[in-house]
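Worksheet: the structure to be examined is printed underneath.
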Amino acid sequence: MSKPMTLTTLMDKFSTEEACKQFLTEKRWPNGVQCPRCQNQKVYALKSKPFHWVCKGQDCGGRNGYRFSVISKTVFENTNYPLRTWFQVIYLMTQSKKGISALQIHRQIGSGDYRTAWYMCHRIRAAMKDGGFTKLMGEVEVDETYIGGKDKNRHWNKLKHVKGGSGKIAVIGAIARKGNVVCRVIENTDRLTLSQFVRNTVGDKVSLIATDEHPGYGRLKREYPHEVVQHQKHEYVRGNVHTANLDSFWSLLKRGVIGTFHKVSKAYLPLYLAEFSFRHNNRKNADIFSLLVAGC
């Protein structure tokens, strides 16, 4: 396993904008540059503008050609900040176990406005979404949790009086032991929603699905080898039946929300879930930085 990249190594390796563009080109197109619009590999480099190409495919640019650069169709497009700054933000977000706030990013990169750092962080979180998801196998834990403040702590005009989580946002997750985690925001925790999540997330070659006693998991035994731990009876582990791994992930997520971000709205919570899931799923990958740059 290669050694993880340090901040000093990052600054030395990407000291110029050209070095950043060359690195992005190699990671984005390892098999050669291709058009981001039509995936045509027959493109022509523009000698007058480095890291710019033109595609003259009939279904794309046609006679005049479609011109694109190394940052076209990426999260770096249409921004005035150099790639060196973007790479620094990516590094900080991948190395912070409980996340790093946009305000802290704003201080460290010296952005003119906090909203710029906030915008950059959310774009990078969008790139962390797992586009090549494969279903979980082996021993899998499934559990739900709630994110947000309690109803009793809200202002009188923001009271929701919602059953199940006291107005919090419901999140469901599944984790393969010693493997990946998948989590989603859900509107409710009824049987149909929970069962559908399990079907979409867990593969056929699963040897165990461990959950708590929530009634929404009541019919899983008809399709999967399902076992339950009775948390209400203070039973948290019975042999290999437990949800300890997923509980640890929930704890890390909530510590990040409370201690780092302080508040996360329902609209942007899926992006934060993608961030924490990406870091967890690549926790043993020493080259997590390069992986994220390639996915941008």
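The values are calculated or read from the model by the stated rules, or taken from the named source; none is laboratory data. Just so we're clear, the structure is a prediction, and the values are computed from it rather than from any experiment. All Cβ positions, glycine included, derive from the backbone under ideal geometry; neighbour counts span all protein chains shown.
Tabulated data
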| read-out | value |
| --- | --- |
| Pick from the stretch 10-40, criterion acidic (Asp, Glu) and within 22 Å of THR94 (Cβ to Cβ), ranking: nearest to the chain's Cα centre (by Cα) | GLU26 |
| Checking TRP53 against (1) more than 30 Å from MET5 (Cα to Cα); (2) in a loop (DSSP other than H, G, I, E, B), the condition it does not meet | (2) |
| Residue list for the stretch 67-114, filter: basic (Lys, Arg) and closer than 22 Å to TYR272 by Cβ | LYS97, LYS98, ARG107 |
| Residue within the stretch 233-252 that is assigned by TED's automatic domain parsing to the domain that holds ARG199, touching a helix residue (DSSP H, G or I) at 6+ places or on another chain (Cβ under 8 Å) and loosely packed, with under 13 Cβ neighbours inside 10 Å present | yes |
| Condition met for ASN64 (assigned to a loop (DSSP other than H, G, I, E, B), within 27 Å of ALA274 (Cβ to Cβ) and assigned by TED's automatic domain parsing to the domain that holds ARG107) | no |
| Residue selected from the stretch 202-219 under the condition exposed (fewer than 15 other Cβ atoms within 10 Å of the Cβ) and closer than 20 Å to ASN180 by Cα, by the criterion modelled with the highest pLDDT | SER207 |
| Residues being part of a loop (DSSP other than H, G, I, E, B) and of a type outside the set (Ser, Thr, Tyr) - total across the stretch 213-244 | 12 |
| Complete set of residues in the stretch 88-116 that are more than 18 Å from LEU271 (Cβ to Cβ) and not in a loop (DSSP other than H, G, I, E, B) | GLN88, TYR91, GLN95, ARG107, GLN108, ILE109 |
| Condition check for ASN285: under 26 Å from the mean Cα position of the chain (by Cα), surrounded by 15 or more Cβ atoms within 10 Å (Cβ to Cβ), not in a helix (DSSP H, G or I) and not hydroxyl-bearing (Ser, Thr, Tyr) | yes |
| Check on ARG199, closer than 19 Å to ALA127 by Cα, touching a residue at least 12 places away in the same chain (Cβ under 8 Å) and assigned to a helix (DSSP H, G or I) | no |
